[in-house]
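I'd like to ask you about the structure that follows.
The values are calculated or read from the model by the stated rules, or taken from the named source; none is laboratory data. None of the values given here were measured: they were computed from a predicted structure. Backbone-built Cβ (ideal geometry, glycine too); neighbour counts: all protein chains shown. Keep in mind that these areas ignore ligands, DNA and RNA; they rest on the heavy atoms of the full protein, side chains included. Shrake-Rupley method; radii C 1.70, N 1.55, O 1.52, S 1.80 Å.
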Amino acid sequence: MVKKTSAKGGDHVVTMREVAKAAGVSIKTVSNVVNDYQFVSDATRQKVHRAIDELGYVMNVSARNLRRGRSGIIALAIPDLQLPYFAQLSSLVITEAKKVGLRVIVEPTLYSREGELDALHGTQTAMVDGLIYSPLELGPDDAAEVDVDYPLVLIGERIFTDTVDHIATENVEGAKHATSYLLQSGCKRVAVVGVHEGEEVGSAALRFRGYREALEEAGVPFDPSLVVPMKMWHRVDGVNAMNALLDSGVRPDGVVALNDMLASGVMHSIQMHDLRIPEDISVIGFDNSDDSQYLSPSLTSIALNLEAVARLSVRVLKNRIDGLPPLDGDSTAPVFRKVSSSLVVRNSTRRI
(Lines give C-alpha, C1' and ligand atoms only; values in the text may rest on other atoms or scores of the structure.)
Protein backbone atom coordinates (compact mmCIF):
# COMPACT_ATOMS: atom_id res chain seq x y z
CA MET A 1 0.00 0.00 0.00
CA VAL A 2 1.82 3.04 -1.23
CA LYS A 3 0.62 6.48 -2.08
CA LYS A 4 0.88 7.26 -5.75
CA THR A 5 1.28 10.62 -7.43
CA SER A 6 1.78 11.51 -11.05
CA ALA A 7 4.88 13.26 -12.29
CA LYS A 8 3.56 13.66 -15.85
CA GLY A 9 -0.20 13.47 -15.66
CA GLY A 10 -1.11 16.72 -13.90
CA ASP A 11 -3.99 16.09 -11.54
CA HIS A 12 -4.33 12.45 -12.56
CA VAL A 13 -3.07 9.98 -9.99
CA VAL A 14 -1.35 7.02 -11.60
CA THR A 15 -2.02 3.85 -9.64
CA MET A 16 -0.03 0.66 -9.25
CA ARG A 17 -2.96 -1.09 -10.90
CA GLU A 18 -2.49 0.98 -14.06
CA VAL A 19 1.21 0.17 -14.12
CA ALA A 20 0.46 -3.54 -13.74
CA LYS A 21 -2.02 -3.43 -16.61
CA ALA A 22 0.39 -1.57 -18.89
CA ALA A 23 3.23 -3.98 -18.08
CA GLY A 24 1.05 -7.09 -18.35
CA VAL A 25 1.93 -8.27 -14.85
CA SER A 26 0.21 -8.55 -11.48
CA ILE A 27 -0.02 -5.75 -8.95
CA LYS A 28 2.13 -7.81 -6.59
CA THR A 29 4.85 -7.95 -9.25
CA VAL A 30 4.81 -4.17 -9.62
CA SER A 31 5.05 -3.86 -5.84
CA ASN A 32 8.01 -6.24 -5.81
CA VAL A 33 9.78 -4.19 -8.48
CA VAL A 34 9.23 -0.78 -6.89
CA ASN A 35 10.31 -2.17 -3.52
CA ASP A 36 13.41 -3.61 -5.19
CA TYR A 37 12.84 -7.25 -4.25
CA GLN A 38 15.61 -9.40 -5.69
CA PHE A 39 13.66 -12.40 -6.99
CA VAL A 40 12.00 -10.58 -9.93
CA SER A 41 13.49 -11.51 -13.32
CA ASP A 42 15.39 -8.86 -15.27
CA ALA A 43 12.93 -9.06 -18.17
CA THR A 44 9.94 -8.50 -15.90
CA ARG A 45 11.73 -5.71 -14.05
CA GLN A 46 12.40 -3.95 -17.36
CA LYS A 47 8.75 -4.23 -18.42
CA VAL A 48 7.59 -2.71 -15.17
CA HIS A 49 10.11 0.12 -15.27
CA ARG A 50 9.12 0.87 -18.87
CA ALA A 51 5.47 1.15 -17.83
CA ILE A 52 6.42 3.32 -14.85
CA ASP A 53 8.32 5.69 -17.10
CA GLU A 54 5.56 5.84 -19.71
CA LEU A 55 2.78 6.49 -17.20
CA GLY A 56 4.73 8.77 -14.89
CA TYR A 57 4.17 6.69 -11.78
CA VAL A 58 5.97 8.00 -8.71
CA MET A 59 6.14 6.18 -5.39
CA ASN A 60 5.61 8.35 -2.34
CA VAL A 61 8.51 7.42 -0.08
CA SER A 62 6.83 8.63 3.10
CA ALA A 63 3.84 6.41 2.36
CA ARG A 64 6.12 3.44 1.81
CA ASN A 65 7.86 4.10 5.09
CA LEU A 66 4.50 4.37 6.83
CA ARG A 67 3.54 0.99 5.39
CA ARG A 68 6.72 -0.64 6.57
CA GLY A 69 6.42 0.98 9.98
CA ARG A 70 2.69 0.16 10.25
CA SER A 71 -0.04 2.60 11.07
CA GLY A 72 -2.12 0.45 13.44
CA ILE A 73 -5.11 1.20 11.21
CA ILE A 74 -7.10 -1.15 8.97
CA ALA A 75 -9.87 -0.37 6.49
CA LEU A 76 -13.31 -1.92 6.15
CA ALA A 77 -14.91 -1.50 2.71
CA ILE A 78 -18.67 -2.14 2.66
CA PRO A 79 -21.44 -1.21 0.22
CA ASP A 80 -23.67 0.86 2.49
CA LEU A 81 -23.75 2.00 6.10
CA GLN A 82 -27.51 2.63 5.99
CA LEU A 83 -28.43 -1.04 5.82
CA PRO A 84 -28.63 -2.56 9.31
CA TYR A 85 -26.58 -5.59 8.22
CA PHE A 86 -23.56 -3.48 7.27
CA ALA A 87 -23.99 -1.05 10.16
CA GLN A 88 -23.97 -3.94 12.63
CA LEU A 89 -21.03 -5.62 10.87
CA SER A 90 -19.03 -2.37 11.00
CA SER A 91 -19.66 -1.97 14.71
CA LEU A 92 -18.59 -5.55 15.39
CA VAL A 93 -15.41 -5.24 13.30
CA ILE A 94 -14.48 -2.03 15.12
CA THR A 95 -14.99 -3.77 18.48
CA GLU A 96 -12.91 -6.81 17.49
CA ALA A 97 -10.13 -4.68 16.01
CA LYS A 98 -9.90 -2.61 19.18
CA LYS A 99 -9.27 -5.80 21.16
CA VAL A 100 -6.07 -6.41 19.18
CA GLY A 101 -4.91 -2.81 19.13
CA LEU A 102 -6.17 -1.80 15.70
CA ARG A 103 -8.34 1.11 14.61
CA VAL A 104 -10.76 0.93 11.67
CA ILE A 105 -11.56 3.30 8.83
CA VAL A 106 -14.95 2.42 7.30
CA GLU A 107 -15.25 3.14 3.58
CA PRO A 108 -18.71 2.82 1.95
CA THR A 109 -18.39 1.82 -1.71
CA LEU A 110 -22.03 2.75 -2.45
CA TYR A 111 -22.93 -0.21 -4.68
CA SER A 112 -20.43 1.04 -7.24
CA ARG A 113 -17.86 -0.97 -9.17
CA GLU A 114 -15.69 2.13 -9.28
CA GLY A 115 -15.99 2.52 -5.51
CA GLU A 116 -15.01 -1.10 -4.94
CA LEU A 117 -11.97 -0.81 -7.20
CA ASP A 118 -10.93 2.42 -5.51
CA ALA A 119 -11.13 0.71 -2.13
CA LEU A 120 -8.66 -1.88 -3.44
CA HIS A 121 -6.28 0.33 -5.38
CA GLY A 122 -6.83 3.97 -4.37
CA THR A 123 -4.27 6.20 -2.72
CA GLN A 124 -5.95 5.81 0.69
CA THR A 125 -4.57 2.27 0.92
CA ALA A 126 -1.21 3.83 1.80
CA MET A 127 -2.51 4.80 5.20
CA VAL A 128 -3.68 1.39 6.42
CA ASP A 129 -2.06 -1.96 7.22
CA GLY A 130 -4.75 -4.14 5.66
CA LEU A 131 -8.29 -4.29 4.32
CA ILE A 132 -11.45 -6.23 5.17
CA TYR A 133 -13.43 -6.14 1.95
CA SER A 134 -17.09 -6.84 1.17
CA PRO A 135 -17.72 -6.45 -2.58
CA LEU A 136 -21.07 -6.60 -4.34
CA GLU A 137 -20.18 -5.56 -7.88
CA LEU A 138 -17.02 -7.55 -8.60
CA GLY A 139 -17.39 -11.04 -10.01
CA PRO A 140 -15.55 -14.01 -11.51
CA ASP A 141 -13.85 -11.89 -14.18
CA ASP A 142 -12.32 -9.67 -11.52
CA ALA A 143 -10.22 -12.20 -9.62
CA ALA A 144 -7.03 -10.36 -10.64
CA GLU A 145 -8.28 -7.18 -8.95
CA VAL A 146 -7.85 -8.69 -5.48
CA ASP A 147 -4.23 -9.64 -6.25
CA VAL A 148 -2.94 -6.77 -4.13
CA ASP A 149 0.33 -6.21 -2.30
CA TYR A 150 -1.12 -5.90 1.21
CA PRO A 151 -3.12 -8.10 3.62
CA LEU A 152 -6.70 -8.53 2.40
CA VAL A 153 -9.62 -10.54 3.78
CA LEU A 154 -12.79 -10.99 1.75
CA ILE A 155 -16.06 -11.24 3.63
CA GLY A 156 -19.54 -11.95 2.36
CA GLU A 157 -20.88 -14.05 -0.42
CA ARG A 158 -19.13 -13.17 -3.66
CA ILE A 159 -17.00 -16.29 -3.83
CA PHE A 160 -15.06 -15.85 -7.08
CA THR A 161 -11.45 -16.61 -6.13
CA ASP A 162 -9.56 -18.98 -3.85
CA THR A 163 -6.37 -16.91 -3.79
CA VAL A 164 -7.44 -14.63 -0.92
CA ASP A 165 -8.52 -15.30 2.66
CA HIS A 166 -12.33 -15.39 2.76
CA ILE A 167 -14.83 -15.47 5.63
CA ALA A 168 -18.26 -16.36 4.22
CA THR A 169 -21.78 -16.88 5.55
CA GLU A 170 -24.38 -19.60 4.99
CA ASN A 171 -26.55 -18.02 2.34
CA VAL A 172 -27.70 -21.13 0.49
CA GLU A 173 -28.23 -23.03 3.71
CA GLY A 174 -29.99 -20.11 5.40
CA ALA A 175 -32.49 -19.51 2.60
CA LYS A 176 -33.10 -23.24 2.32
CA HIS A 177 -33.82 -23.42 6.05
CA ALA A 178 -36.20 -20.45 5.84
CA THR A 179 -38.12 -21.86 2.88
CA SER A 180 -38.31 -25.33 4.39
CA TYR A 181 -39.66 -23.90 7.63
CA LEU A 182 -42.49 -22.13 5.80
CA LEU A 183 -43.35 -25.29 3.90
CA GLN A 184 -43.32 -27.37 7.08
CA SER A 185 -45.59 -24.83 8.79
CA GLY A 186 -48.25 -25.41 6.14
CA CYS A 187 -47.44 -22.85 3.46
CA LYS A 188 -47.99 -24.13 -0.07
CA ARG A 189 -47.21 -21.04 -2.18
CA VAL A 190 -43.97 -19.48 -0.96
CA ALA A 191 -42.78 -16.34 -2.72
CA VAL A 192 -39.22 -15.01 -2.72
CA VAL A 193 -38.56 -11.26 -2.79
CA GLY A 194 -35.28 -9.58 -3.73
CA VAL A 195 -33.82 -11.83 -6.45
CA HIS A 196 -31.20 -10.18 -8.66
CA GLU A 197 -31.88 -11.18 -12.25
CA GLY A 198 -28.84 -12.59 -14.04
CA GLU A 199 -26.65 -12.71 -10.92
CA GLU A 200 -24.35 -15.73 -10.70
CA VAL A 201 -22.46 -15.03 -7.49
CA GLY A 202 -23.44 -12.97 -4.51
CA SER A 203 -25.95 -13.17 -1.69
CA ALA A 204 -29.07 -12.82 -3.86
CA ALA A 205 -28.03 -15.64 -6.20
CA LEU A 206 -27.04 -17.92 -3.32
CA ARG A 207 -30.19 -17.26 -1.32
CA PHE A 208 -32.33 -17.85 -4.40
CA ARG A 209 -30.52 -21.16 -4.91
CA GLY A 210 -31.37 -22.16 -1.33
CA TYR A 211 -35.02 -21.29 -1.97
CA ARG A 212 -35.06 -23.47 -5.10
CA GLU A 213 -33.35 -26.38 -3.32
CA ALA A 214 -35.93 -26.34 -0.52
CA LEU A 215 -38.80 -26.46 -3.00
CA GLU A 216 -37.19 -29.31 -4.89
CA GLU A 217 -36.52 -31.37 -1.77
CA ALA A 218 -40.11 -30.87 -0.62
CA GLY A 219 -41.49 -31.86 -4.03
CA VAL A 220 -43.08 -28.43 -4.54
CA PRO A 221 -43.13 -27.25 -8.18
CA PHE A 222 -41.23 -24.04 -8.87
CA ASP A 223 -43.59 -21.20 -9.85
CA PRO A 224 -41.89 -18.21 -11.56
CA SER A 225 -44.86 -15.99 -10.71
CA LEU A 226 -43.80 -16.20 -7.05
CA VAL A 227 -40.32 -14.80 -7.77
CA VAL A 228 -40.08 -11.02 -7.33
CA PRO A 229 -36.82 -9.42 -8.59
CA MET A 230 -35.63 -6.28 -6.86
CA LYS A 231 -32.21 -4.69 -7.39
CA MET A 232 -32.04 -2.82 -4.09
CA TRP A 233 -32.89 -4.22 -0.67
CA HIS A 234 -34.30 -1.26 1.23
CA ARG A 235 -37.68 -1.08 2.98
CA VAL A 236 -39.37 0.81 0.13
CA ASP A 237 -38.23 -1.91 -2.28
CA GLY A 238 -39.99 -4.52 -0.16
CA VAL A 239 -43.18 -2.43 -0.19
CA ASN A 240 -43.02 -1.99 -3.97
CA ALA A 241 -42.25 -5.67 -4.57
CA MET A 242 -45.12 -6.97 -2.44
CA ASN A 243 -47.54 -4.37 -3.80
CA ALA A 244 -46.70 -5.49 -7.33
CA LEU A 245 -47.15 -9.15 -6.43
CA LEU A 246 -50.47 -8.76 -4.64
CA ASP A 247 -51.87 -6.25 -7.12
CA SER A 248 -51.12 -8.67 -9.95
CA GLY A 249 -53.51 -11.17 -8.39
CA VAL A 250 -50.80 -13.56 -7.22
CA ARG A 251 -51.51 -14.62 -3.64
CA PRO A 252 -48.72 -16.38 -1.74
CA ASP A 253 -49.22 -17.77 1.73
CA GLY A 254 -45.56 -17.37 2.67
CA VAL A 255 -42.70 -15.02 1.74
CA VAL A 256 -38.95 -15.38 2.02
CA ALA A 257 -37.48 -11.86 1.84
CA LEU A 258 -33.77 -11.84 1.10
CA ASN A 259 -33.02 -9.37 3.88
CA ASP A 260 -34.82 -7.88 6.87
CA MET A 261 -35.30 -4.45 5.30
CA LEU A 262 -37.16 -6.05 2.41
CA ALA A 263 -39.13 -8.15 4.89
CA SER A 264 -40.29 -5.10 6.85
CA GLY A 265 -41.51 -3.50 3.62
CA VAL A 266 -43.22 -6.75 2.62
CA MET A 267 -45.01 -6.84 5.97
CA HIS A 268 -46.16 -3.24 5.59
CA SER A 269 -47.61 -3.99 2.14
CA ILE A 270 -49.40 -7.11 3.40
CA GLN A 271 -51.02 -5.16 6.21
CA MET A 272 -52.00 -2.32 3.87
CA HIS A 273 -53.84 -4.93 1.79
CA ASP A 274 -55.86 -5.86 4.91
CA LEU A 275 -54.16 -9.25 5.18
CA ARG A 276 -52.95 -10.77 8.44
CA ILE A 277 -49.46 -11.92 9.37
CA PRO A 278 -48.98 -14.87 9.80
CA GLU A 279 -52.59 -16.10 9.47
CA ASP A 280 -52.87 -15.14 5.79
CA ILE A 281 -49.21 -14.76 4.82
CA SER A 282 -46.14 -15.79 6.83
CA VAL A 283 -42.92 -13.78 6.38
CA ILE A 284 -39.28 -14.69 7.01
CA GLY A 285 -36.41 -12.22 6.67
CA PHE A 286 -32.66 -12.62 6.47
CA ASP A 287 -29.83 -11.18 8.63
CA ASN A 288 -31.70 -11.02 11.97
CA SER A 289 -31.07 -7.28 12.27
CA ASP A 290 -31.61 -5.59 15.63
CA ASP A 291 -34.89 -4.04 14.43
CA SER A 292 -36.46 -7.36 13.45
CA GLN A 293 -37.64 -8.18 16.96
CA TYR A 294 -39.40 -4.81 17.28
CA LEU A 295 -41.56 -5.07 14.15
CA SER A 296 -45.25 -5.82 14.59
CA PRO A 297 -45.48 -8.75 14.48
CA SER A 298 -41.88 -9.51 15.34
CA LEU A 299 -39.97 -10.92 12.37
CA THR A 300 -38.73 -14.48 12.01
CA SER A 301 -35.28 -14.22 10.42
CA ILE A 302 -32.08 -16.05 9.53
CA ALA A 303 -29.22 -15.04 11.83
CA LEU A 304 -25.84 -15.07 10.07
CA ASN A 305 -23.68 -14.83 13.22
CA LEU A 306 -21.97 -11.57 12.30
CA GLU A 307 -20.08 -11.70 15.58
CA ALA A 308 -18.14 -14.70 14.28
CA VAL A 309 -17.62 -13.06 10.88
CA ALA A 310 -16.12 -9.98 12.52
CA ARG A 311 -14.00 -11.98 14.96
CA LEU A 312 -12.56 -14.29 12.30
CA SER A 313 -11.94 -11.60 9.69
CA VAL A 314 -10.07 -9.37 12.15
CA ARG A 315 -8.07 -12.32 13.47
CA VAL A 316 -7.02 -13.47 10.00
CA LEU A 317 -6.10 -9.94 8.91
CA LYS A 318 -4.09 -9.23 12.07
CA ASN A 319 -2.18 -12.48 11.65
CA ARG A 320 -1.40 -11.63 8.03
CA ILE A 321 -0.20 -8.17 9.05
CA ASP A 322 2.07 -9.78 11.67
CA GLY A 323 3.43 -12.31 9.15
CA LEU A 324 1.77 -15.26 10.87
CA PRO A 325 -0.38 -18.10 9.48
CA PRO A 326 -3.96 -16.86 9.17
CA LEU A 327 -5.46 -19.36 11.60
CA ASP A 328 -4.32 -22.22 13.84
CA GLY A 329 -1.58 -24.39 12.40
CA ASP A 330 1.46 -23.73 10.26
CA SER A 331 -0.18 -23.35 6.86
CA THR A 332 0.07 -19.93 5.23
CA ALA A 333 -2.30 -20.89 2.38
CA PRO A 334 -5.43 -18.76 1.89
CA VAL A 335 -8.21 -19.80 4.26
CA PHE A 336 -11.91 -20.19 3.52
CA ARG A 337 -14.27 -20.36 6.46
CA LYS A 338 -18.07 -20.41 6.33
CA VAL A 339 -19.82 -19.21 9.48
CA SER A 340 -22.96 -21.17 10.41
CA SER A 341 -26.44 -19.59 10.41
CA SER A 342 -29.57 -20.22 12.46
CA LEU A 343 -33.30 -19.52 12.22
CA VAL A 344 -34.72 -17.20 14.89
CA VAL A 345 -38.47 -17.90 15.07
CA ARG A 346 -40.74 -15.02 16.04
CA ASN A 347 -44.38 -14.06 15.42
CA SER A 348 -44.37 -13.40 11.66
CA THR A 349 -44.58 -17.14 10.98
CA ARG A 350 -46.81 -19.95 12.17
CA ARG A 351 -45.17 -22.39 14.55
CA ILE A 352 -44.32 -25.90 13.49
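For residues that are open to solvent by 20 Å² or more (accessible area, probe 1.4 Å) and in a loop (DSSP other than H, G, I, E, B), scanning just the range 122-149, find the one that is farthest from Ala97 (Cα to Cα).
Glu137
Has the range 200-216 got any residue that is aliphatic (A, V, I, L, M), in contact with a Lys or Arg (Cβ under 6 Å, 6 or more places away or on another chain) and in the same structural domain as Asp280 (by the TED database)? Don't jump to the end; show me each part of the working.
Step one: of the range 200-216, the residues aliphatic (A, V, I, L, M) are 201, 204-206, 214-215.
Pick out the ones that are also in contact with a Lys or Arg (Cβ under 6 Å, 6 or more places away or on another chain) and you get 201, 214.
The next check asks that each one be in the same structural domain as Asp280 (by the TED database); those that pass are 201, 214.
Yes; the residues of the range 200-216 include at least one that is aliphatic (A, V, I, L, M), in contact with a Lys or Arg (Cβ under 6 Å, 6 or more places away or on another chain) and in the same structural domain as Asp280 (by the TED database).
Here's something else I'd like to know. Take Phe208 and decide whether it is assigned to a helix (DSSP H, G or I), aromatic (Phe, Trp, Tyr) and buried (at least 17 other Cβ atoms within 10 Å of the Cβ).
yes
Search the range 153-164 for residues being crowded, with 20+ Cβ neighbours inside 10 Å and in contact with a Phe, Trp or Tyr (Cβ under 8 Å, 6 or more places away or on another chain), and hand back the single one that is farthest from Val25 (Cα to Cα).
Ile155
Right, Arg235: closer than 20 Å to Leu304 by Cα and open to solvent by 30 Å² or more (accessible area, probe 1.4 Å) or not? Spell out the reasoning first.
Values: closer than 20 Å to Leu304 by Cα: yes; open to solvent by 30 Å² or more (accessible area, probe 1.4 Å): yes.
Here the answer is yes, as Arg235 does meet what is asked.
Name the residue, out of Gly24, Gly101, that is assigned by the TED database to the domain that holds Asp129, at pLDDT 90 or above and surrounded by fewer than 16 Cβ atoms within 10 Å (Cβ to Cβ).
Matching residue, one of Gly24, Gly101: Gly101.
Still on this model: Which residue is surrounded by the fewest Cβ atoms within 10 Å (Cβ to Cβ), if the candidates are limited to the range 306-333 and must be modelled with pLDDT of 95 or more and of a type in the set (S, T, N, Q)?
Within the range 306-333, the match that is surrounded by the fewest Cβ atoms within 10 Å (Cβ to Cβ) is Asn319.
Which of the residues that make up the range 102-118 are of a type outside the set (D, E, K, R), closer than 16 Å to Ile155 by Cα and under 13 Å from the mean Cα position of the chain (by Cα)?
Of everything in the range 102-118, those that are of a type outside the set (D, E, K, R), closer than 16 Å to Ile155 by Cα and under 13 Å from the mean Cα position of the chain (by Cα) turn out to be Pro108, Thr109, Tyr111.
Would a scan of the range 91-109 turn up a residue that is assigned to a helix (DSSP H, G or I), in contact with an Asp or Glu (Cβ under 8 Å, 6 or more places away or on another chain) and within 17 Å of His234 (Cα to Cα)?
So far as the range 91-109 goes, no, none of its residues is assigned to a helix (DSSP H, G or I), in contact with an Asp or Glu (Cβ under 8 Å, 6 or more places away or on another chain) and within 17 Å of His234 (Cα to Cα).
Which members of the range 178-220 meet the condition of being over 21 Å from the mean Cα position of the chain (by Cα), closer than 30 Å to Leu154 by Cα and charged (D, E, K, R)?
Within the range 178-220, Arg212, Glu213 meet the criteria.
It is to be established whether one or more residues within the range 73-89 are open to solvent by 20 Å² or more (accessible area, probe 1.4 Å) and farther than 24 Å from Ala303 by Cβ.
Yes, the range 73-89 contains at least one residue that is open to solvent by 20 Å² or more (accessible area, probe 1.4 Å) and farther than 24 Å from Ala303 by Cβ.
Out of Met267, Met242, Met232, I need the residue that is outside the structural domain of Tyr85 (by the TED database), farther than 19 Å from Ser185 by Cα, assigned to a helix (DSSP H, G or I) and out of contact with any Asp or Glu (no Cβ under 9 Å at 6 or more places or on another chain). Which one?
Details: Met267 fails: farther than 19 Å from Ser185 by Cα; Met232 fails: assigned to a helix (DSSP H, G or I).
Among Met267, Met242, Met232, only Met242 is outside the structural domain of Tyr85 (by the TED database), farther than 19 Å from Ser185 by Cα, assigned to a helix (DSSP H, G or I) and out of contact with any Asp or Glu (no Cβ under 9 Å at 6 or more places or on another chain).
Would you mind telling me which numbered condition in (1) under 20 Å from Leu136 (Cα atoms); (2) surrounded by fewer than 17 Cβ atoms within 10 Å (Cβ to Cβ); (3) at pLDDT 95 or above Ala218 fails?
Ala218 satisfies all of (1) under 20 Å from Leu136 (Cα atoms); (2) surrounded by fewer than 17 Cβ atoms within 10 Å (Cβ to Cβ); (3) at pLDDT 95 or above except (1).
Looking for whichever is open to solvent by less than 10 Å² (accessible area, probe 1.4 Å) and either over 24 Å from Ser341 (Cα atoms) or within 23 Å of the chain's Cα centre (by Cα) (or both) here; the options are Gly254, Gly265. Which one fits?
From the options Gly254, Gly265, the qualifying one is Gly265.
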